[in-house]
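Notes for the one structure printed next.
Please treat every number below as a calculation from the coordinates, not as lab data. Nothing here was measured: the structure is a model prediction, and the numbers come from that model. Don't worry about glycine lacking a Cβ; one is built from the backbone with ideal geometry, like all the others, and counts go over all protein chains shown.
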Amino acid sequence: MIKWEKSKYSEKVRKFLSMPPEDFPLFTLLDGAVRSGKTLSIIQKIPQIFEFVGTEYLKVFSGYSRNSVKNNVLIELKPFIEDYLGGKVRYNHSNGEMEIKLFGKRYDCYVTGGGKSDSLNAIQGGTWDFWYANELPRHNYGFYNMALSRLTPANARAFADSNPESSNHWLYTEKIKPWLDGDKNIRQVFKYLHFTMHDNANLSEVFIKNQEKLYKGAFKKRKIDGLWVIAEGLVYDTFCPEKHTVSHSKLFERIQKGEIAEYFLGIDWGWNHPTACLLLGNTPDGMCYVIDELYSQKLDADGVIKWINRKQTEYKKFFSYANCDNARPEQNEKLRRYTNLVIYEEKPKVEDSISLVRSLINYDRLIVSDKCLHTLEEFSLYRYEQDALSAKDSPLKINDDCMDALRYGLYKYLTENP
Ligand SMILES: Nc1ncnc2c1ncn2[C@@H]1O[C@H](COP(=O)(O)OP(=O)(O)OP(=O)(O)O)[C@@H](O)[C@H]1O
Ligand SMILES: [Mg+2]
């Protein structure tokens, strides 16, 4: 437990703690390195913010799970309120209800997990005037949006802490990046404070030095410097969105002008994992386009057949063939029967087909429509195991649905048209 009377404060923490509540926008994020003092700074700010927002509405504490809020936040908040400030905290872990009595006022609070996709059921309805999200990037995106929409009173305030993740994370692309770029609309509602370990005056230099030795590369950048960076180990690390994407309307014009010679598909079957089906096309001079994507859970052959037929009508083109995941022969048989396409089931070796795709990218011969959001996302996530450089030929089996469909489709095309 923290000995609050012995706390030391860096310039940055002091500034945060002394800033009047009315000067904070709706939503403030304390982000940065591990152990940099983010959580404890927010805990110390809570009494003042409660006093400011008043007792009328509910106050919510969320984390990945209710347990993680308990372990990361309540464990320090309770003794801080009770032993240090003379208040009282009553908390029922089974239903998440919490009552905080402080300086003669009673605040009704609710503690909940926000990490799972069904988390938002627990928070529908109701008005909040305070929200503390511990480890915000680990929250479910739906929960996060729902939570922000609950904060309707004019003086409502939200605080969150976070450790950096990949720079493709929604928190980075939707809030931090625009804030850093000076986006005026974002800055009216969102404030970003960046912490490094050196902003925590309670850590010893020795501890910081030792931590710095523990990590390297992208993980050092994240954990120690607190930066949002893409980790090493991307399979398609030369894929560059600025260079290798095209707006769908431009691509559609090319299709209408007849610049695409042949249309073909790559299909990776799933059920609990999504099924991914990519519409690909090539030009006579050897460019390949990812034109469209189907990406959905619990979708069988009938759904894919419908999509293929709809897309043939939409683009006014016939598609020639599909190369499909051979794990589901009965689905492939259905495609054979109910579409006009030639259906192949040639499952290429992972590393062989990755090399083919990678060389297309390196020669700037692969361009993806900006309509294919899942494909683009996977390009930035599909990676090899971090620590096992020796196991480099086996990418992690996550964020790979569109990537597999892409490999199947392009492998068939490239082995016939090298
Ligand atoms: N005001 C303080 N008084 C005493 N110790 C503190 C104080 N603030 C931080 N510390 C020390 O620094 C450690 C890290 O602080 P805190 O948990 O707030 O960091 P964090 O940035 O939230 O870290 P993480 O990213 O790992 O969650 C605490 O466990 C505590 O030992
Ligand atoms: Mg923390």
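Rounded to whole Å, the principal axis extents of the Cα atoms in region 241-416 read 47, 37, 28, largest first.
The Cβ shell under 11 Å around Leu40 holds other residues with a net charge of +1, Lys and Arg each +1, Asp and Glu each -1.
Antiparallel as a % of all DSSP beta bridges within region 4-223, to the nearest 5?
On the way: 10 of 35 bridges.
Percentage antiparallel, nearest 5: 30.
Compute the helix-to-body angle for 350-362: its Cα long axis versus the longest principal axis of the chain, expressed 0 to 90° and rounded to tens. Long axis of 350-362 versus the principal axis of the chain: about 90 degrees. Measuring spread by the Cα atoms of the chain yields a radius of gyration and Dmax of 25.9, 79 Å.
The amide H of Lys191, built 1.01 Å from its N in the peptide plane, has Phe27, Thr28, Leu29 as neighbours under 5 Å, considering only residues 5 or more places off or on other chains.
The charge dipole of the chain, taken about its Cα centre with unit charges on the Cβ of Lys, Arg, Asp and Glu (plus for the first two, minus for the last two), comes to roughly 1060 debye. DSSP bridge analysis restricted to region 241-416 gives an antiparallel fraction near 55%, rounded to the nearest 5.
Which of rounded, prolate or oblate describes region 317-418 when judged by the alpha-carbon gyration tensor and an a/c cut-off of 1.5? Taking the square roots of the gyration eigenvalues as a ≥ b ≥ c, region 317-418 is prolate. Given in Å, the Rg to one decimal and the Dmax to the nearest whole number for the Cα atoms of region 52-94 are 11.5, 29. Separation of region 315-376 from region 144-209 is 40 Å, based on Cα centroids. Relative to the first principal axis of the alpha-carbon coordinates of the chain, what is the inclination of helix 401-416, with its axis defined by its Cα atoms, in degrees from 0 to 90 and to the nearest 10? Here the helix axis deviates by roughly 20 degrees. For region 227-294, the set of trypsin sites (Lys or Arg not before Pro) satisfying both a DSSP loop assignment and a count of at most 15 other C-beta atoms within 10 Å is given as Lys257. Listed by chain and number, the aspartates and glutamates placed with their C-alpha closer than 13 angstrom to that of Lys316 are Glu253, Glu262; residues fewer than eight positions away on the same chain are left out.
Have a look at the DSSP beta bridges in the chain and tell me what percent are antiparallel, nearest 5. Don't jump to the answer; show the numbers that get you there.
Values: 27 of 64 bridges.
Expressed as a percentage, antiparallel bridges in the chain total about 40.
Each Lys and Arg contributes +1 and each Asp and Glu -1, all at the Cβ; summed about the Cα centre of region 230-345, the dipole is approximately 540 debye. A Förster radius of 30 Å, combined with the Cβ-Cβ distance separating Asp370 from Glu51, puts the computed FRET efficiency at roughly 0.05. Free of any chymotrypsin sites (Phe, Trp or Tyr not before Pro) that DSSP assigns to a loop and that have at most 11 other C-beta atoms within 10 Å, the longest stretch within the chain is 104-270. A straight line joining the Cα centroids of region 230-297 and region 52-72 runs 43 Å.
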